[in-house]
Amino acid sequence: MSVLETKSAGEQYVKSVYETVKKRNPNEPEFHQAVKEILESLTPVFDKHPQYMEEGILERIVEPERQLMFRVPWTDDAGRVHVNRGFRFEFNSAIGPYKGGLRFHPSVNASIIKFLGFEQIFKNSLTGQPIGGGKGGSDFDPKGKSDREVMRFCQSFMTELAKHIGPDTDVPAGDIGVGGREIGYMFGQYKRLQNAFHAGVLTGKAVGYGGSLARTEATGYGTVYFVQEMLQDNGDSFEGKTVVVSGSGNVAIYAIQKATELGAKVVACSDSNGYIYDKNGIDLDTVKRLKEVERKRISDYVNEHPEADYFEGCENIWLIPCDIALPCATQNEINESSAKILVTNGVKAVGEGANMPSTLEAINVFLENGVLFGPAKAANAGGVAVSALEMAQNSARISWSFEEVDAKLHQIMVNIYKNSKQASEEYGCPGNLVVGSNIAGFLKVADAMIAQGLV
C-alpha cells in the first residue's frame, strides 16, 4: 500500500490544494506559509464534512476575489519624483465587505499582502462581526518623511484605491506604518474624490470625524484579554508575571499598558533597530512619548532611564527570561531557536499581537512543550473587531463611550477564546488553539460560501 493510499481523503485534498497554491504563486514564501498552516489544521473538517471538498471550498478560498496592484507616484519636499507600488487584495466577502489594514513598509510585496489578506478571512470571521477579509499596502516607508511628503503619498495612493473601496464594498484600516496621520490624509482625499462624507469607508479615524474610542488601544488590549482568558482557564493570571513585549508601536504600547494594569511587570520592548531591557519595568509614558509624539527610536529610552540597557538587534529580545511573551512586532520574529530559548527560560504563555510572528517550527516547539499559545488570528483580532464596531457606529451615526467599546471588545475576545477551544476539542485537538481558531473561523465562511452559490 502506498503512502498516499494511507492518507485520509481530507489529507489528500489539503495536500492537492496546497501544491496547486505553490505552483500558481511561485516565490511567495509568506503566502505559502500562511496557507500551509491553515490548510493542514483543517484536515479533520474535510474528513468529517466531505461536502466542503465537493463544493471546492479550499480551491475558492485560497484565490482572492480581486487582486489590485498599482503605481503610486509622488514628489518629495525637494520636488524629486518617486514611484512606489500599491496593493489591495480583496480575498473573501462571503460574510461581509472586505476588511483589513493597509501596511506601509519597505518589505511590502505581493506575498506579504496575500498572506495577511488570507489570514484576515479567518480572523474577521472569529470576531463574530459581519466582515470579510482583505489587506493592502505599499512599499513606501513613512519613516524619515515629512508630514507633507506623507500627505502627498497618501493622496496619490488613495486616488487609485478610491475606485475600489466603499462602506459596503471594502473598508481598509491601518497597519504597520499607517496610523492616524496616514488614515486622515487618505480619508481627506477620498472625501474630495467622492464629494461625499462616507465615514464608514476607513476605520482607525480620529474620534473627531467618525473614529471610535478605544480603537487605538484595541489590538494591544485584545491580545492581553485573550491571554488573560487563556491563563484563567488554566488556573493562572498576569498577576506577578514577568512579560516581554516585542515592538513599540501601537499594538505593543497598549499590550504593555493592559498587562501592567493586570499586575504584570513588562521588562522589555523593541523597535526595528534594537531592544531595551528595564529590570524595574518599562516606563510606558516615556515609550509613548518617544514613539507616538516625538517619533524617535527606542534607543533614546536609556537617555532618560540610565538604569535600563539597550541592545542592538531586535531578534535577541527573546533571550530575556519571562513568564509571558507577547510578540507584537512583525511576521516570523520568533523562530525555532528563539522558541526553544523561551521554553528553556520557563515561558508559560505566548500571545501573538502581530500577524504570524512565530514560524511554524516555533509554534510546534510551544505546543510540544505545553506552553499556552494564542495564535495571531485569534489573539490579535481585537483591532479589527473594534474596527467593525467603528463601522457600526458610523452606520448608525452614533458614538459609544470608551467603556462601552472596551466592554464589547473584552467580550469578543472571550468569545473567540471559547469558540477556538470548543472547536479544538470537537475536532480532536484539545488545547490546540491554532487548530481551533482556524476551524472556527473557516466553518462560518465556508457555510456562507455554500449558501451563496458558486460565486
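The values are calculated or read from the model by the stated rules, or taken from the named source; none is laboratory data. This structure is a prediction, so every number in the text was calculated from the model and none was measured. No Cβ is skipped: glycine too gets one built from the backbone with ideal geometry, and neighbour counts run over all protein chains shown.
Go through the stretch 314-334 and report how many residues are assigned to a helix (DSSP H, G or I) and either surrounded by fewer than 18 Cβ atoms within 10 Å (Cβ to Cβ) or of a type in the set (Gly, Ala, Ser) (or both).
3
Where in the stretch 1-104 are the strands (runs of 3 or more DSSP E), entirely inside, with at least 1 residues that are hydroxyl-bearing (Ser, Thr, Tyr) and surrounded by 17 or more Cβ atoms within 10 Å (Cβ to Cβ)?
By residue number, 98-104.
Looking at the stretch 352-360, is at least one residue farther than 21 Å from Ser107 by Cα and touching a residue at least 12 places away in the same chain (Cβ under 8 Å)? Before the answer, list the steps.
The first filter runs over the stretch 352-360 and keeps only residues farther than 21 Å from Ser107 by Cα, leaving none.
Looking through the stretch 352-360, none of the residues is farther than 21 Å from Ser107 by Cα and touching a residue at least 12 places away in the same chain (Cβ under 8 Å).
Considering the stretch 51-77 alone, what residues qualify as being out of contact with any strand residue (DSSP E or B) (no Cβ under 7 Å at 6 or more places or on another chain) and aromatic (Phe, Trp, Tyr)? Even if it seems obvious, please write down each step before you answer.
We begin by selecting, within the stretch 51-77, every residue out of contact with any strand residue (DSSP E or B) (no Cβ under 7 Å at 6 or more places or on another chain); these are 51-60, 62-63, 77.
Residue satisfying the conditions is Tyr52 alone.
Among Thr223, Thr203, Thr216, which is buried (at least 19 other Cβ atoms within 10 Å of the Cβ), out of contact with any strand residue (DSSP E or B) (no Cβ under 9 Å at 6 or more places or on another chain) and of a type outside the set (Gly, Ala, Ser)?
So the residue among Thr223, Thr203, Thr216 that is buried (at least 19 other Cβ atoms within 10 Å of the Cβ), out of contact with any strand residue (DSSP E or B) (no Cβ under 9 Å at 6 or more places or on another chain) and of a type outside the set (Gly, Ala, Ser) is Thr216.
For the stretch 26-40, give me each residue that is touching a Lys or Arg at 6+ places or on another chain (Cβ under 6 Å) and within 18 Å of Asn432 (Cβ to Cβ).
Result: no residue meets the conditions.
Is it the case, given these coordinates, that Ser93 is within 15 Å of His164 (Cα to Cα) and of a type outside the set (D, E, K, R)?
yes
Asn345 - would you say it is under 20 Å from the mean Cα position of the chain (by Cα), without any contact (Cβ under 8 Å) to a residue 40 or more places away in the chain and surrounded by fewer than 20 Cβ atoms within 10 Å (Cβ to Cβ)? Steps first, please.
Numbers: under 20 Å from the mean Cα position of the chain (by Cα): no; without any contact (Cβ under 8 Å) to a residue 40 or more places away in the chain: yes; surrounded by fewer than 20 Cβ atoms within 10 Å (Cβ to Cβ): yes.
When the stated conditions are applied, Asn345 does not pass them.
Could you figure out which of (1) buried (at least 22 other Cβ atoms within 10 Å of the Cβ); (2) touching a strand residue (DSSP E or B) at 6+ places or on another chain (Cβ under 7 Å); (3) closer than 18 Å to Gly353 by Cα isn't true of Thr260?
Result: Thr260 fails condition (1) only.
Looking only at the stretch 437-455, count how many residues are touching a residue at least 24 places away in the same chain (Cβ under 8 Å) and assigned to a helix (DSSP H, G or I).
Here the count works out to 13.
Exactly one condition in (1) modelled with pLDDT of 95 or more; (2) under 21 Å from Pro327 (Cα atoms); (3) assigned to a loop (DSSP other than H, G, I, E, B) is false for Gly211; which is it?
Of the numbered conditions (1) modelled with pLDDT of 95 or more; (2) under 21 Å from Pro327 (Cα atoms); (3) assigned to a loop (DSSP other than H, G, I, E, B), the odd one out for Gly211 is (2).
Check the stretch 154-165 and report whether any residue there is in contact with a Gly (Cβ under 7 Å, 6 or more places away or on another chain), among the charged types (D, E, K, R), on the phi < 0 side of the Ramachandran plot and not assigned by TED's automatic domain parsing to the domain that holds Gln331.
yes
Check whether at least one residue in the stretch 170-178 is in the same structural domain as Ile131 (by TED's automatic domain parsing), in a loop (DSSP other than H, G, I, E, B) and at positive phi, and report yes or no.
Our first condition is that a residue be in the same structural domain as Ile131 (by TED's automatic domain parsing); within the stretch 170-178, this holds for 170-178.
Still in the list and also in a loop (DSSP other than H, G, I, E, B): 175-178.
Filter once more, keeping what is at positive phi: 177.
Checked the stretch 170-178: at least one residue is in the same structural domain as Ile131 (by TED's automatic domain parsing), in a loop (DSSP other than H, G, I, E, B) and at positive phi.
When the stretch 335-379 is examined, which residues are found to be out of contact with any Phe, Trp or Tyr (no Cβ under 7 Å at 6 or more places or on another chain) and either assigned to a strand (DSSP E or B) or among the polar types (S, T, N, Q) (or both)?
Of everything in the stretch 335-379, those that are out of contact with any Phe, Trp or Tyr (no Cβ under 7 Å at 6 or more places or on another chain) and either assigned to a strand (DSSP E or B) or among the polar types (S, T, N, Q) (or both) turn out to be Asn335, Ser337, Thr344, Asn345, Ala349, Asn355, Ser358, Thr359, Asn364, Asn369, Leu372.
Let me spell it out: the conditions are (1) over 18 Å from the mean Cα position of the chain (by Cα); (2) not assigned by TED's automatic domain parsing to the domain that holds Leu42, and Gly117 meets all of them except one. Which number is the exception?
Among (1) over 18 Å from the mean Cα position of the chain (by Cα); (2) not assigned by TED's automatic domain parsing to the domain that holds Leu42, Gly117 violates only (1).
Checking Leu372 against (1) free of Cβ contacts under 8 Å to residues at least 60 places away in the same chain; (2) within 21 Å of Thr223 (Cβ to Cβ), only one condition comes out false. Which one?
All conditions pass for Leu372, except number (1).
Taking the stretch 109-160 as the region of interest, how many residues are part of a loop (DSSP other than H, G, I, E, B) and either modelled with pLDDT of 95 or more or crowded, with 18+ Cβ neighbours inside 10 Å (or both)?
Residues in the stretch 109-160 being part of a loop (DSSP other than H, G, I, E, B) and either modelled with pLDDT of 95 or more or crowded, with 18+ Cβ neighbours inside 10 Å (or both): 12 in total.
Pick from the stretch 350-403 the residues that are more than 22 Å from Lys114 (Cα to Cα) and among the acidic types (Asp, Glu): which of them is surrounded by the most Cβ atoms within 10 Å (Cβ to Cβ)?
Selected residue: Glu390.
Going through the stretch 411-436 one residue at a time, which ones are touching a residue at least 24 places away in the same chain (Cβ under 8 Å), hydrophobic (A, V, I, L, M, F, W, C) and either at positive phi or assigned to a helix (DSSP H, G or I) (or both)?
Ile412, Met413, Val414, Ile416, Leu433, Val434, Val435
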